[in-house]
Structure formats: C-alpha cells, structure tokens
Amino acid sequence: MTEQHRDAGGNLTQPDFEQIFLPHLDAAYNLARWLLRNDQDAEDAVQEAYMRAYKAFARFRGGDGKAWFMTILRNVCYTTIKKLRSRETPEPFDEEIHQPVGESEAQEAFRQKANAETLHDALERLPDEFREVIVLHDLEGLAYKEIAAVAGIPIGTVMSRLARARGRLRGEIIAAKAKESRS
Amino acid sequence: MNHDEAALLLGPYRDGELDPATRLKLEEHLAGCPSCPQKLAETRELVGLIQSETPRFAASPFLKTRIQAALREEKSSSATVAWWRRLSPGATYSGWAAAAVALVILAVGFFSTRGIPELAREGVANHVRSLQGGHLVDVASTDQHTVKPWFAGKLDYSPQVVDLASSGYPLIGARLDVLNHRNVAALIYQRQKHYINLFIWPAKADSLHGSYNQNGYHVQCWTKSGMNYIAVSELGEKELGKFVGMIQDQTADSRPGG
C-alpha cells in the first residue's frame, strides 16, 4: 500500500478499502458460518468485522490483508459465540459416540461412512478451536504462519492443534458409523 | 529422526510446511517405518475428503451490498470526526495544513448537501437502513398482485405496483416505511446485485421534481397523477434514470389509487 492511496487525513479511501478487503468476503463468510453455524449470525459478524476493519484501517500497514482482516473477523465471531453460549445449555456429552473402536474396524468404517453428511456433522461437533483450524487450513488454504497470525498462537500450536483436530474429526466419523451399525 | 518425532510431522509434511532438511529426514524415516506411511495415507485421505465433500459457504450478493452501504454511511460520518481530530492541540503544522484542506472539502460537502432537499436525504437514509440487518422487505414477492393487496389496511391509499421484471428490474417485495412524517409504501426492485427503494405517497399541494446524488446514492423525485415518488439506489444515475422512466411511463395514464 503506497501513500497515493491515502487522503489528506492519512486514511485509505473507501474504494481502496473495498478493493483490498471485499475479495475476502467469501473466505470471511465461510469461517463465520462454520464458527457460528447459522446464516444470520454469520452475516452480522461479517458486516461487523468490515465496520471494525474500516475504522482500524489507518493502522493497516499493508502486507497480508487477508490475515489482518480474518483476525478481526475471528474476534467478532468469538465475541458472538460467547454471547450465544450464555443463552444456551451445553449439549450433554455422549458417552456412546466417544467409545473407542478397534483400528481395522475403524479404517473400514471410515471408508464406508465418510460421506458428505457425516463429515459435515462431525465437523460441526468439533470444538470451535479445532473446527477453526480445519476451515482455515483445509478449506481456505491459509498457511500455518497465517493461521498463527489470525488465531494469535505460535506456529507450533497451529501444527499440533491441526493434527489433533484431524484426529478428532476422523474419530467422530468412525464413531458415527459404529453408532449407526449398533442401532 | 525417531518414530515419535516423525509421527508428529506427518501432517505438516502433507501440508508442505516442512523445511527441506526436515522433509528429507522424514522421508528417510518413512522409507523404513512399518506404520508411518499408513498414517500419512490416512491423513491424506481425510484432508482430501474434507476438501471435496465439505461445503464452502459463500456470502450472498445481498450481504455485499449491505456491507458497501454500511461502509458508505460510516465514511460520511467519520469524515467530520477526522477533521476534529486534526484540530487537537497536539496537531503538527502539516496537520493544520491538512485541516485546512479538510475544511475546504467539508465546506464543499456541506453546501452540496444543503442543496439536497430534506425529503431526498430522508429517502437515502431509509434506503441505507433497509439494506442493513435484513429488513429490506416486509413482504417478499415478485408478484404485483400479491404486493398491492398487502398494503390494504396498512395505508389510507393504494400505491400502483408496476411489474418491470421483463426489463431487468424485477420487483422483490415491499415494506412499510416512514417518510415526510407519515407512513409510506416502499417498493423494492432489484437491478443485478443492487436494490432500488421506491417510496410512494399521495401528494397534497406539494410537487416534487429533481435528481440528486448524496454520498454515492442517486435519488430521483417526481410527482405524477397526484402521487409523490422518490426512487433511491446505489445504481448509477443512468440505470436509475431508466428505471424511473419506465415507472413514469407505466403510471402515466392511471388514476391515483387505481
């Protein structure tokens, strides 16, 4: 970002702001939608993030606009989650679906049951921090370094969190299959 | 590299996140390990599955319009704040120079805003508000015969509802709004990804005429057959003008309330 984009007040102008950040609208919406799990909350969070980014625009020093914006969006989402959680009762932990199963049986179950619906449900059941790294890495294609910036954690934590998230997701899919075959 | 170390690096290996030296060491381990290649294949299978089977939720075009409208609003209100900040005691000499420039810009803005009638400004404010928070329409319908009766009992007049779908300006619904200190009918039309609010209410002695531009929104006002009309949109002047022309043509020979 060069000086010619700044107005007399040192602020970037709205067209520049839109040019830099509106291309990330889909990525932002995807993360917000996966974190908040419904359209209306996701749309509100994305709009709120754009407003905050616009107000903080003078502090944007160029560089990775996507990571900068996603950081803001993520903060808005977690604020919303806190608000929503205080209103709802937590789901009871289902002992059944977390029972361990044998490894060869598991691999077979994974193959058979790994359809879109199971995957979607399993991903929704992951804790927010796990779901987030999967969405940011596997769906949005952010590098570990970018995820570290967005989530405010060290790269090593990104690495271990992503590994645990994937392990957990695989476990959820296998458990779903095991549960189904028992019923 | 021992087995435990390697096991932790399988994900980053799959993700292309290892430096060349570490990658080489891991590949050496993979060549001789009985279990790591299997784990790696599982990770690849899972990520492949996530990428092929998980929906990437896409933002609706409406959200984009809504954000752009909100940004425009924010921009017009923050210009004044920025100007005041510049006048703070700590301001530098160049700050004062910038303030002088800002003052001129503000003055121009002020006088050009003053040239816009209150009604047109109200129309823009209503339009912007309608794009925020998902309250664009109270009744969503592309059918003029659904929209028109919807106003019955809500207003003491019946606005004409014109169908322009075949011309590329489909009706998407209606809303009850307040303008000029009274309830008015708001018809919402769509042009590609943009929206047009058309406010309609009975004219008394007043007669509206003119087109204006406020903060990038275009407004056209007119009075026809005893009804006042204000059309507001972020569409270009030309495209809004085309819309207004068609509305005027199709309401020309009708009686108010007919």
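No lab work stands behind these numbers, since they all come straight from the coordinates. Just so you know, these numbers come straight off a predicted model, no measurement behind them. All Cβ positions, even for glycine, are placed from backbone atoms using ideal geometry, and neighbour counts span all protein chains on display.
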request  = Amide H neighbours of B:Leu179 under 5 Å, at least 5 residues apart or on other chains, H built in the peptide plane: list them.
outcome  = B:Val184
inquiry  = Place a point 7 Å from the Cα of B:Asp249 along the Cα-to-Cβ direction; which residues of segment B:223-243 have their backbone N under 14 Å from it?
reply    = B:241-243
inquiry  = If I model a spin label at B:Asp156 and A:Glu124 as a point 7 Å from the Cα along the Cα→Cβ vector, what separation in nanometres do I get?
reply    = 5.0
ask   = Where does the charge balance sit around B:Leu240 when Lys and Arg score +1, Asp and Glu -1, over other residues with C-beta under 10 Å from its C-beta?
value = 0
ask   = Roughly how big is segment B:3-53's charge dipole about its Cα centre, with Cβ charges of +1 (Lys, Arg) and -1 (Asp, Glu), in debye to the nearest 20?
value = 100
key: Hz values of 3J(HN,Hα) by residue in segment A:70-76 - Karplus curve (6.51, -1.76, 1.60), Gly and Pro given as x   = 5, 4, 5, 4, 4, 4, 4
note = Charge tally for neighbours of A:Ala28 with beta carbon under 10 Å away, counting Lys, Arg as +1 and Asp, Glu as -1, is +1
key: Per-residue HN-Hα couplings for segment B:207-223 [Karplus 6.51, -1.76, 1.60; θ = phi - 60°; Hz; x = Gly/Pro]   = 9, 9, 7, x, 10, 9, 10, 10, 6, x, 9, 9, 10, 10, 10, 7, 10
remark   = The answer for B:Tyr195, listing residues at least 5 apart or on another chain whose modeled amide H is closer than 5 Å to its amide H, is B:Glu234
inquiry  = Can you compute 3J(HN,Hα) from phi for each residue in segment B:143-153, using the Karplus curve 6.51 cos²θ - 1.76 cosθ + 1.60 with θ = phi - 60°, rounded to whole Hz and x for Gly and Pro?
reply    = 9, 4, 7, 8, 5, 4, x, 4, 6, 4, x
task = Starting from the amide H of B:Asn228, placed 1.01 Å from N in the peptide plane, find each other amide H under 5 Å away whose residue is 5 or more places distant or on another chain.
result = B:Trp201, B:Ala203
Under 19 Å from the B:Arg121 label point (7 Å along Cα→beta-carbon), backbone N, segment B:55-75 = B:72-75
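Mind putting a number on the dipole of segment B:130-258 about its Cα centre? Charges go on the C-beta only, +1 for Lys and Arg and -1 for Asp and Glu, and I need it in Debye to the nearest 20.
Numbers: 11 positive and 11 negative charges, 16 e Å.
Using only the charged Cβ atoms, the result is roughly 80 debye.
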Inter-probe distance in nm under a simple model that places probes 7 Å from Cα toward Cβ, at B:Leu176 and B:Lys193 = 3.4
